[in-house]
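Undergrad: Pasting a structure below so you can have a look.
The values are calculated or read from the model by the stated rules, or taken from the named source; none is laboratory data. The structure displayed is predicted, hence computed values, not measured ones. Glycine gets a Cβ as well: all are built from the backbone with ideal geometry, and neighbour counts include every protein chain shown.
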Amino acid sequence: MNDDVQYESKHPIVIITGASSGLGAAFARLLDETLPDEVDFWLIARRKEKLLHFADSLQHGTRSFALDLTEKSSLNVIDEALRSMGATVQLLINNAGKGVSGAFAQQTSSYQESICDLNMRAQVSLTSIVLPFMEEGSALILTSSVAAFLPQPGFATYAASKAFILSFGRALAEELRPRRISVTVTCPNPMLTDFFSPKEKEILLSSYKRFAIEDPVHVAKKTISAVRKRKVVVVTSRLGKLVRLLAKIVPQRWIIRSVGKAARESQ
Ligand SMILES: NC(=O)c1ccc[n+]([C@@H]2O[C@H](COP(=O)([O-])OP(=O)(O)OC[C@H]3O[C@@H](n4cnc5c(N)ncnc54)[C@H](OP(=O)(O)O)[C@@H]3O)[C@@H](O)[C@H]2O)c1
């Protein structure tokens, strides 16, 4: 479903998934302030009212798609919209993602699958659908996480999905380099967004992870700056960079044990 079937603009497009809140909204606001007027934003998320309300607050032309990206039919909607417009996609921000902390055994298989579908399958499929509409100078952002740098007990499926995105993005960047299409994988620390339930926010704020909290606006700025420099991987905080370094030099089983112990204590 989208809000305006009469949309006929031929402007270049920026596509942002998960644009209704958190980091996706921060990307949209930042780009709304910095990109020339003749760029349109295609915004994707499930909650239609929230998305339309947010789109109204932007100065650029927008087209809102209220879609659940875990459904194959939703990806077909974007594919068809792009084919019918034939416009160039200047930037795709694959940002929609979710995760929940807690022991793997305590979560249902359907919830685990939905994390995989949104965090991996949707990012890969949408990239594949959008790529034919990109040209020299276009850019792709994939949203990963600091959680990508090592396996995380208490966040197992989520961390694995983000490691997948990091690996996928790094390889794709090299494949697309001769076409001068850039790929940037962004790896933020925890952000206090709708990603976390109120209860999870409380736990986060009382754990060691509170020292790592990042502002989505800061993450969006660091990521866009990295895209302009054609950086393939951006770790948006100093602490995140330290985690990445430690994951390379300290035996991972030690870190995994400590993270597992901390996760058990906070449950
Ligand atoms: N928050 C953190 O601590 C953190 C840290 C590192 C990385 N990240 C990553 O950053 C990205 C953005 O997260 P955030 O913190 O901004 O969380 P958020 O505020 O919950 O935003 C998630 C966005 O994705 C949309 N979304 C969720 N499920 C969807 C689905 N099935 N289909 C389409 N859209 C869907 C949500 O809108 P609807 O609910 O309306 O669909 C929302 O716009 C995610 O990839 C996340 O993994 C987050």
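Undergrad: Could you please find all residues in the range 216-231 being surrounded by 15 or more Cβ atoms within 10 Å (Cβ to Cβ) and either modelled with pLDDT under 95 or assigned to a loop (DSSP other than H, G, I, E, B) (or both)?
TA: Selection gives 231 alone.
Residue-wise test of (1) in contact (Cβ under 8 Å) with a residue 40 or more places away in the chain; (2) more than 30 Å from residue 137 (Cβ to Cβ); (3) within 12 Å of the ligand (Cβ to nearest atom); (4) part of a helix (DSSP H, G or I).
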{"residue": "178", "(1), (2), (3), (4)": "no, no, no, yes"}
{"residue": "196", "(1), (2), (3), (4)": "no, yes, yes, no"}
{"residue": "204", "(1), (2), (3), (4)": "no, yes, yes, yes"}
{"residue": "209", "(1), (2), (3), (4)": "no, yes, yes, yes"}
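Undergrad: Further question on the same structure: Got a sec? Which of 182, 237 is farther than 22 Å from residue 116 by Cβ and within 11 Å of the ligand (Cβ to nearest atom)?
TA: 237
Undergrad: When you go through (1) surrounded by 15 or more Cβ atoms within 10 Å (Cβ to Cβ); (2) in contact with a Gly (Cβ under 8 Å, 6 or more places away or on another chain) one by one for residue 180, which number turns out not to apply?
TA: Single failed check for residue 180: (1).
Undergrad: In the range 84-116, what residues are in a helix (DSSP H, G or I) and within 17 Å of the chain's Cα centre (by Cα)?
TA: Passing the criteria: 114, 115, 116.
Undergrad: Okay, moving on. Just checking, how many residues over the range 185-194 are more than 8 Å from the ligand (Cβ to nearest atom) and either in contact with a His (Cβ under 8 Å, 6 or more places away or on another chain) or not in a strand (DSSP E or B) (or both)?
TA: So the count comes out to 0.
Undergrad: Restricting attention to the range 144-176, which residues are outside any helix (DSSP H, G or I) and under 14 Å from residue 116 (Cα atoms)? Working first, answer last.
TA: Start the filter on the range 144-176 by keeping residues that are outside any helix (DSSP H, G or I), which leaves 144-145, 150-155.
Residues satisfying the conditions are 144, 155.
Undergrad: In addition: Is there any pair with a first residue in the range 240-267 that is within 13 Å of residue 154 (Cβ to Cβ) and a second that is of a type in the set (Ser, Thr, Tyr) and part of a helix (DSSP H, G or I) whose Cβ atoms are under 7 Å apart and which are 6 or more apart or on different chains, and what are they?
TA: Taking only residues 6 or more apart or on different chains, the pairs are 262/208.
Undergrad: For the structure I just gave you, tell me whether residue 58 is within 8 Å of the ligand (Cβ to nearest atom), surrounded by 15 or more Cβ atoms within 10 Å (Cβ to Cβ) and either closer than 29 Å to residue 112 by Cα or in contact (Cβ under 8 Å) with a residue 24 or more places away in the chain (or both).
TA: Numbers: within 8 Å of the ligand (Cβ to nearest atom): no; surrounded by 15 or more Cβ atoms within 10 Å (Cβ to Cβ): yes; either closer than 29 Å to residue 112 by Cα or in contact (Cβ under 8 Å) with a residue 24 or more places away in the chain (or both): yes.
So residue 58 does not fit the description; no.
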